[in-house]
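Notes follow once the structure below has been shown.
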Amino acid sequence: MTTKNLLGLGTFLITVFVLVPVGISVSGRWDFYYTLTSVALLSIGAAGVWLTFYIGRINIGQGAYALIGGYVSAVLVVKADVSFWLTLPLAGLFCTTVSVLIGLPILRLRGVYFAMVTLVLTEVTRLSALALPVTNGAKGITSIPLPGELSILGLTIIPDFATMQNPKLAFYLLAAFLMVVSYAVLWRIVNSRLGHLCRSLQQNEELAASIGVNVAYLRVLAYGISSFYGGIAGAVFVAISQSIYPSSFVVTDSVNFMLYCFLGGLGYVSGPMLGTLLLYFGWNLLSVAKEYQLLVYASVMIALMLAVPNGVLSLFDRKGDRK
Amino acid sequence: MEQILANGLYLGAQYALIALGLTLIFSLMNVLNFAHGQMYVFGGFVTYTVVAQFGLPFVVGLLLSGAILAVIGALIEKFLFRPVIRKSKREESTMLLAAGVAFFLDAVILLAFGEKQRGIPKIVDGVMNLNFRLIMPYDRIMVAVLAVAAIIGFILYMQYSKPGRAMRALAQDRVAAQLMGVDVDRYSMLGFAFGAMLAGVVGGLLVAITGVNLGMGGPTSIKAFMMIMIGGAGVISGAIAGGFILGMMESVGLSVLAAYGNITYLVIFASLLIFLAIRPQGLMGKPWG
């Protein structure tokens, strides 16, 4: 890491953890916390999608894993009385298990075929949530308790959310923390041997296989990590809204996850984060346009695509090709 | 049983027509047209406006739906997809564009036609009744016949006309077609317009039976994706097969599985996943599209 990178990272961390809370408490726009928390969580899901893009697969199924993760957490908290903090990794792991089982056959597909299957998968998950008894059907699971206390050996690490004066801030910090950790992990993966292997898959799978890369294992691994991210994002979302329905994550959400990646730029680790911020925040800001909101939003999206078809971040590397 | 089969054929004819448009666009441009369902709804609303508001005959509405959608399709290809395909590093970028177009069309439909369910009065009255074994309203039969006629017309056009031959050549091998003197830009535009036109025509047909509403766009796109996955993307025969198979499965499922609640689509999706695991390229598709 160069000094410039470190500086950039430092600025980013200070902005996320200090400047944003200070700015919000000064301006009094408490509603921004919810928006920014959503941005942070959605960008975790988008990070997962980005990883599948990195192995050359178009993933429009992240909504499915967000829904599964959300339901795992909700069911465990409500029916089995498990602490939320334990359900968070469990939700991720459950999603990984599901994704490995589904991924083994469908990751053999490529291009639009894979994209379409994952899109269908989102719909299957929604219908399963409607049909399965444990999910309580269309009524969903409601009044889920807020996350409780997390303590190790009597030492309180995270206090009970229900007793907090400002759970919004706490949720924001939790989401931001998770986001930073996910992107750090993602950055580490991309810049490791595993990342190089993944890039070889993106460029030419047959060639990679012929050199001796274990293609099948790698793509299932990447897909599993991707789904883990989706599950975590879904679980925290459920904790915030304290409810989950089969329609909490639908096809539109899956498509949005993909769009965030595209807009930010597929060649850059921080691409999905920026894309999520632009699209989600932009959508909320556009609510002033009332009935023209969707029209303006779609027009801006199309215009952005025409102007920067390789993602917004590609504006910054005109001179040297970083990838 | 006859009733189920007849319903399946009726659904299948419409579905096949939707899938044909989608697969045509896909095979020519390698674009997965997310906006296909929206185009279909748009076509429905055009027919509704022409027939219910201006009081013109249904046929005029149908033709206008096709014509307006063809123009929209051509413009979208020329001013949106072509520049993006040229500039973008990865061809998947067109998916974002297609999704953007889908949102845009949704917004236009919302502003222009509102969010209410719209339908037009019955075109043909009466019900065909064969000994109560098979009951089918005449207007449904008419729609099915029109859809089949459109499918046959489409196949003949692709098979025997010069533009049809050019488009088939483009779908097979873009570079080779260009070397043989096919005007790639022109026929890509024509193909996109043609695909959009088919979507518009189906929308126009359906408005006469069940009506259309704003929310139908997305689910229709998903169904169309399923059809071309069953049949194989980019293959005309595959789209037709996929459409009829899905129509049949839906019809059979709705009657057989009705006792177990609303799980028809769950079963269809699950069997599709298993089918694709065994045969990834669909029934008639080329491996890896």
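Each value in this text was obtained by applying a stated rule to the coordinates, not by laboratory testing. Because the structure is a prediction, the values reported are computed rather than measured. We place every Cβ from the backbone using ideal geometry, glycine too, and count neighbours over all the protein chains shown.
The label-point distance for A:Leu19 and B:Val60, in a model that sets each label 7 Å from Cα toward Cβ, rounds to 6.2 nm.
The helix-based estimate of mean residue ellipticity at 222 nm for chain A, built from -39,500 (n - 2.57) per DSSP H run of four or more residues and divided by its residue count, is -22000 deg cm²/dmol to the nearest 500.
In the range A:98-173, the ratio of gyration radius to Kirkwood radius, Rg to Rh, stands at 1.19 when only Cα atoms are counted. Phi angles of the range A:121-128 translate, via the Karplus equation with coefficients 6.51, -1.76, 1.60 and θ = phi - 60°, into HN-Hα couplings of 4, 4, 5, 4, 5, 4, 5, 5 Hz per residue; Gly and Pro are given as x. Counting beta carbons within 10 Å around each of B:His36, A:His196 and listing the fewest first gives the order A:His196, B:His36. Counting only residues at least eight positions apart within a chain, or on another chain, the aspartates and glutamates with an alpha carbon under 19 Å from that of B:Lys162 are B:Asp173, B:Asp183, B:Asp185. The mean count of C-beta atoms from other chains within 10 Å of the C-beta of residues in B:99-111, rounded to a whole number, is 6.
Ordered by the count of other Cβ atoms within 10 Å of each Cβ, fewest first, A:Cys198, A:Cys95 give A:Cys198, A:Cys95. Per-residue Cβ neighbour counts within 10 Å put B:Arg279, B:Arg133 in the sequence B:Arg133, B:Arg279, beginning with the fewest. With the simple model of a label 7 Å out from the Cα in the direction of the Cβ, B:Gln117 to B:Gln159 spans 4.0 nm. In summary, the range B:2-216 shows an alpha-carbon radius of gyration equal to 1.08 times the 2.2 N^0.38 Å reference for compact globular proteins. Applying both filters, DSSP loop and at most 14 other Cβ atoms within 10 Å, to the trypsin sites (Lys or Arg not before Pro) of the range A:1-89 gives A:Arg29. Averaging the Cα positions of each part gives two centres, and for the range B:23-49 and the range A:221-244 these lie 33 Å apart. Across the range B:126-143, coupling constants 3J(HN,Hα) worked out from phi with the 6.51/-1.76/1.60 Karplus curve, θ = phi - 60°, read x, 10, 7, 9, 9, 6, 6, 7, 9, 10, 8, x, 5, 5, 5, 4, 4, 4 Hz, and Gly and Pro carry x. Based on every Cα atom in chain A, Rg and the maximum pairwise Cα distance Dmax equal 19.7, 59 Å.
Of B:Met189, B:Met39, B:Leu205, which is farthest on the positive side of the dipole of the range B:2-216, counting Cα position, with +1 on Lys and Arg Cβ, -1 on Asp and Glu Cβ, and the Cα centre as origin? Of the candidates, B:Met189 comes out farthest on the positive side. Within the straight-line cut-off of under 12 Å between alpha carbons, the aspartates and glutamates reachable from A:Lys168 are A:Asp31, sequence neighbours fewer than 8 places apart in one chain being disregarded. Magnitude of the charge dipole for the protein assembly as shown, about its Cα centre and with charges confined to Cβ atoms of Lys, Arg (+1) and Asp, Glu (-1), is about 1160 debye. In terms of overall dimensions, the C-alpha atoms belonging to the protein assembly as shown reach 78, 58, 50 Å along their principal axes, ordered largest to smallest. Protection proxy ranking for B:201-210, A:298-307, A:8-17, using the average of other Cβ atoms within 10 Å per residue and placing the highest first: B:201-210, A:298-307, A:8-17.
Considering only A:Lys290, A:Lys168, A:Lys139, the Gaussian network model of chain A with Cα springs below 10 Å gives its largest mean-square fluctuation to A:Lys290.
Here the Karplus curve 6.51 cos²θ - 1.76 cosθ + 1.60, taken at θ = phi - 60°, turns the phi angles of the range A:58-63 into couplings of 8, 9, 10, x, 5, x Hz, with x standing for Gly and Pro. Picking from A:Ser227, A:Ser25, A:Ser247, which is most flexible by a Gaussian network model of chain A using Cα springs under 10 Å? Checking each option, the largest mean-square fluctuation is seen for A:Ser25. Here each label is just a point 7 Å from Cα along the line to Cβ, and for B:Met1 and B:Met180 those points are 4.7 nm apart.
Ordering A:Ile302, B:Gly126, B:Asn7 by Cα displacement along the dipole of the protein assembly as shown toward the positive end leaves A:Ile302 in first place; charges were set at the Cβ atoms of Lys, Arg (+1) and Asp, Glu (-1).
When the Cα positions of A:Ala80, A:Val269, A:Asn166 are compared along the charge dipole of the range A:31-317, A:Val269 comes out farthest toward the positive end, with charges on each C-beta of Lys, Arg, Asp and Glu.
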